[in-house]
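Colleague: The following block contains the structure, expressed as structure tokens.
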Amino acid sequence: MGCCASTNGNSSANRVARWRSTGIVALRDAKLKEFPNEILQVESIRTLDLTNNKIALIPPEISRLNHIQRLVLANNIIQSLPINIGDLRTLKSLTLDGNQITYLPNELGSLPRLEKISISRNSLISLPKTIGDLRNLVLLNVSQNKLKSLPESIGGCIALEELQANENLIDDLPLSICKLVHLKSLLLNNNNIRQLPPNLLKECRALQNISLHANPISMDQFQQMDGFEEFESRRKRKFDKQIDSNVMMSSTALDEGLDLR
């Protein structure tokens, strides 16, 4: 018994030493049911990946990881995040796909360096207003949730380049989305959108890709929007450049982005 305990102790110590040395904790597919307390001993962690486990609870003590930049918690059974998530001031990337999360804490808006949030395949019914405080956010993926709308504050995400919100219950978009002057890709397939903000194509001058399949909006409506010709020109230039560079494209690469009705 003593020998086994010693062996396990050495194994744990070696693991912690390795984490301290590399700054990386990778425990994918480790059959974990709880967040490992050992991790909380290593404040120098920069990347933590706990994908494909059965973890339900993220402890508030996660705030001790004050050097973390990348937090990957995909494919677990997490229902909520602790408010202490707002203490991870160095966090740049947060991946929460495939959990059971219904809401995000307001404290999420306290993460000044956050560049990526991916929280697809959850049960979100709303996004916090504080999402607009994320001035460095480049990618927001909220596809396959239960969102009926996006908050007006999203216009504050001034660095946003890609917004994925496929397969939700969204009826319309906030007017503030027109403030996203760096937005390149807007994916809204399988929602309930009947019209877009009238100045979307005119104001979002970086926009190159819009996808609105399986929405009750017509191609005629889309083509009659102010700024459509400029948008279409940008879209074609993007694909011409890819063709000239011999970039492999999917069969939908030249898709118009809507269902013809």
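Colleague: Do you know which of the residues in the range 17-72 that are of a type in the set (Asp, Glu) and in a helix (DSSP H, G or I) is nearest to the chain's Cα centre (by Cα)? Spell out how you get there, then give the answer.
Modeller: Of the range 17-72, the ones of a type in the set (Asp, Glu) are 29, 34, 38, 43, 49, 61.
When the remaining residues are screened for being in a helix (DSSP H, G or I), the result is 38, 61.
Working: Glu38: 27, Glu61: 23 Å.
Only one residue tops the list, namely Glu61.
Colleague: Conditions first: (1) farther than 30 Å from Asn166 by Cα; (2) in contact with a helix residue (DSSP H, G or I) (Cβ under 6 Å, 6 or more places away or on another chain). Asn84 passes all but one, so which condition is the exception?
Modeller: Of (1) farther than 30 Å from Asn166 by Cα; (2) in contact with a helix residue (DSSP H, G or I) (Cβ under 6 Å, 6 or more places away or on another chain), only one is false for Asn84: (1).
Colleague: Restricting to the range 123-173, name every residue that is over 19 Å from Pro197 (Cβ atoms), aliphatic (A, V, I, L, M) and in a loop (DSSP other than H, G, I, E, B). Quick ask: steps written out before the conclusion?
Modeller: Quick first cut of the range 123-173, residues over 19 Å from Pro197 (Cβ atoms) only: 123-126, 128, 130, 133-139, 141, 143-146, 159, 167.
Those left that are additionally aliphatic (A, V, I, L, M): 124-125, 134, 137-139, 159.
Hits for the range 123-173 are Leu124, Ile125, Leu134, Leu137, Val138, Ala159.
Colleague: So Ile243 fits all but one of (1) in a loop (DSSP other than H, G, I, E, B); (2) among the aliphatic types (A, V, I, L, M); (3) surrounded by fewer than 16 Cβ atoms within 10 Å (Cβ to Cβ); what number is the exception?
Modeller: Condition not satisfied by Ile243: (1).
Colleague: Take Ile217 and decide whether it is out of contact with any Phe, Trp or Tyr (no Cβ under 6 Å at 6 or more places or on another chain) and in contact (Cβ under 8 Å) with a residue 40 or more places away in the chain. Break it down into steps so the answer makes sense when it comes.
Modeller: Working: out of contact with any Phe, Trp or Tyr (no Cβ under 6 Å at 6 or more places or on another chain): yes; in contact (Cβ under 8 Å) with a residue 40 or more places away in the chain: yes.
It is true that Ile217 is out of contact with any Phe, Trp or Tyr (no Cβ under 6 Å at 6 or more places or on another chain) and in contact (Cβ under 8 Å) with a residue 40 or more places away in the chain.
Colleague: For the range 185-215, give me each residue that is over 23 Å from Arg121 (Cα atoms) and in a loop (DSSP other than H, G, I, E, B).
Modeller: Taking the range 185-215 first, the residues over 23 Å from Arg121 (Cα atoms) are 194-208.
Selection gives Arg194, Gln195, Leu196, Pro197, Pro198, Asn199, Cys204, Arg205, Ala206, Leu207, Gln208.
Only the coordinates and a few stated rules stand behind these numbers; no lab work does. This structure is a prediction, so every number in the text was calculated from the model and none was measured. Heads up, the Cβs are rebuilt from the backbone with ideal geometry, glycines too, and the neighbour counts pull from every protein chain shown.
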